[in-house]
Amino acid sequence: MDDIEVPQYFICPISLQIMKDPVTAITGITYDRESIEHWLFTSKNATCPVTNQPLPKDSDLTPNHTLLRLIQAWCILNASKGIDRIPTPKPPLDKFQVLKLIKHLWQPEFQLKTIRQFALLAAENERNRKYMIEAGLPKEMMLFIVTCFKQGQIDGLEEAIGVLNFILIPSAETMQILVENDHIIESLTWVLCCEMGNHLTVKSHTMLVLKKIIEATSSSVLERLKPEFFTRIVRALRSGITQKGINATLHVLLEACPWSRNRIMMVETNTVYELIELELGFPEKRTTELILGILFHLCSCPDGRAQFLSHRGSIAVVSKRILRVSPALDNQAVSILSLICKFSGTYMVLQEMLKVGAVSKLCSLLQVDCATSLKDRVRKILRSHFQKWRDSPCIGGSQGINPS
């Protein structure tokens, strides 16, 4: 094929390949549909690649049927030279087709087939997902999941969760859905307990959807979460999910932390213990930051600190992350150790801090370039327990902590 001269106007200006589905933008330039849609939707550009003129995402892309017929005829003519024939592309999905499919969604004989069709279309491209949002599909998918929850039905759940995972649900729409139906969150956590073929993926996708909803919801919803909510998502964390699912779960827990009743329920479901176990596996940086962020909140209550100290690796794993991950994490780790020292600083705990190197790490923070406010908090911890730690070599070499 390298020896064949391809007419220049057959070539897409973006992909530099022969166009399979040529469409003309409002700027007058013709592109292959897949390439220009990727440029507009996935790469989130708003200008024409050739002319640099404005090209909004919702602008029309007109099929260039004449050019397509020329390309197809040329391919047939050169088939003996290794050129593949280009089939006529199927018409793209539009909003009216989505609305028609939504009607089928609530007809029992078409329901499962329609759900699976939506899953395939959502995975296909950003244009399909755009029309799905415009047609109100996110709400319909959530209502389908609630219906499954109430009826104890799992057929179609995996596909429905997959569709919602693909679609970026507008925050305003999420709020409206939650106002109209208070079973959404309960239904999603129920999905976590359902046994399905691809259980790991379903659980992870469910947590990603739940994260979108929790981030968009109001404080009145977050302060009314039930014990089952935390029991189910901590169980999902324990039983194993993908890395994206883990981070989504941690985001959800962190969003719920500001309310004291939520912190109490999280401690009652052994969340502190599970987070420490997860951190002992040396997760990625973002996961560690989320874990320590949650631990800080949970250590602000007595039962949370007690659960933290009941794990033999707790102080060690927190202190070892200092100066190894990020300044934000250093701040979180010091905050946790400060709470432990202030409210649970027994002789055994303080000796444990010496033994596992927590005191040494605190002293190291005084020797490096970090925020003045952080150093002040470290000095406060060291001064408060100077008498217990005074014989430690690192204490002797640190300035400004002797209370005398």
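The values are calculated or read from the model by the stated rules, or taken from the named source; none is laboratory data. Keep in mind that this is a model prediction, so the values were computed, not measured. Cβ placement follows ideal geometry from the backbone for every residue including glycine, while neighbour counts extend to all protein chains displayed. Side chains are part of the model used for accessible areas, which takes the heavy atoms of the whole protein and leaves out ligands, DNA and RNA. Shrake-Rupley method; radii C 1.70, N 1.55, O 1.52, S 1.80 Å.
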(Q) Which of rounded, prolate or oblate describes the range 106-180 when judged by the alpha-carbon gyration tensor and an a/c cut-off of 1.5? (A) oblate
Q) If the range 1-121 were replaced by its equivalent ellipsoid, with semi-axes equal to the square roots of 5 times the Cα gyration tensor eigenvalues, what would those be, largest first, whole Å? A) 32, 21, 11
(Q) Given the -39500 (n - 2.57) contribution per DSSP H run of 4+ residues, what per-residue ellipticity at 222 nm results for the chain, rounded to the nearest 500 deg cm²/dmol? (A) -18500 deg cm²/dmol
Q. Around E34, with a cut-off of 9 angstrom between Cβ atoms, what is the net charge of the other residues, counting Lys and Arg +1 and Asp and Glu -1?
A. -1
Q: Mark the label point 7 Å from the Cα of V368 along Cα→Cβ and return the residues of the range 292-319 whose backbone N is within less than 16 Å of it.
A: 317-319
(Q) Quick check on the range 125-252: take the gyration tensor over C-alpha atoms, sort the square-rooted eigenvalues as a ≥ b ≥ c, and tell me if it's rounded (a/c under 1.5), prolate or oblate. (A) rounded
**Q.** Derived scalar couplings ³J(HN,Hα) [the range 260-273; Karplus, 6.51 cos²θ - 1.76 cosθ + 1.60; whole Hz; x for Gly, Pro]
**A.** 4, 5, 5, 4, 5, 5, 5, 5, 5, 9, 6, 4, 4, 4
Q. Which aspartates and glutamates does K211 reach when only Cα atoms under 12 Å apart count, and residues fewer than 8 places away in its own chain are ignored?
A. E255
Q. When N counts the residues of the range 288-330, how does its alpha-carbon radius of gyration compare numerically with 2.2 N^0.38 Å, as a ratio?
A. 1.14
Q. On the accessible surface of the chain, probed at 1.4 Å, how many percent belong to carbon and sulfur atoms?
A. 53 percent
Q: Find, among the GluC sites (Glu not before Pro) in the range 15-115, those assigned to loop by DSSP (not H, G, I, E, B) with at most 15 other beta-carbon atoms within 10 angstrom.
A: E109
Q: Could I have the simple spin-label model distance between E5 and L280, label points 7 Å from Cα toward Cβ, reported in nm to one decimal?
A: 7.2 nm
Q. Applying 1/(1 + (r/R0)^6) with R0 = 56 Å to the Cβ-Cβ distance of S218 and K355, what FRET efficiency is obtained, to the nearest 0.05?
A. 0.75
Q) Where a Cα-Cα gap under 13 Å defines reach, which aspartates and glutamates qualify for K388, not counting those fewer than 8 residues away within the same chain? A) E352
**Q.** Summed residue charge, Cβ within 13 Å of Q243's Cβ, Lys/Arg positive, Asp/Glu negative
**A.** +3
Q: Any chance you could run the full-extension gain for D376 through R261? It's 0.36 nm times the residue separation minus the Cα-Cα distance, nm to one decimal.
A: 38.3 nm
Q) Which whole-Hz couplings ³J(HN,Hα) result when phi for each residue of the range 199-216 is put into the Karplus expression 6.51 cos²θ - 1.76 cosθ + 1.60, θ = phi - 60°, listed in order with x for Gly and Pro? A) 4, 4, 5, 4, 4, 5, 5, 4, 5, 5, 5, 4, 4, 4, 6, 4, 5, 9
Q: Would you tally the net charge around I11, using a Cβ to Cβ cut-off of less than 13 Å, leaving I11 out, and scoring K and R as +1, D and E as -1?
A: -1
Q: From the P(r) of the range 192-337, can you give the percent of Cα pairs sitting at distances over 19 Å?
A: 49 percent
Q.
Normalised radius of gyration for the chain, please: alpha carbon Rg relative to 2.2 N^0.38 Å, two decimal places.
A. 1.32
Q: Just subtract the alpha-carbon distance of K244 and L120 from 0.36 nm times their residue separation and send over the number in nm, one decimal.
A: 42.5 nm
Q: Would you work out if the range 240-299 is rounded, prolate or oblate? Take a ≥ b ≥ c from the square roots of the eigenvalues of the alpha-carbon gyration tensor; rounded if a/c is under 1.5, else prolate when a/b is larger than b/c, oblate otherwise.
A: prolate
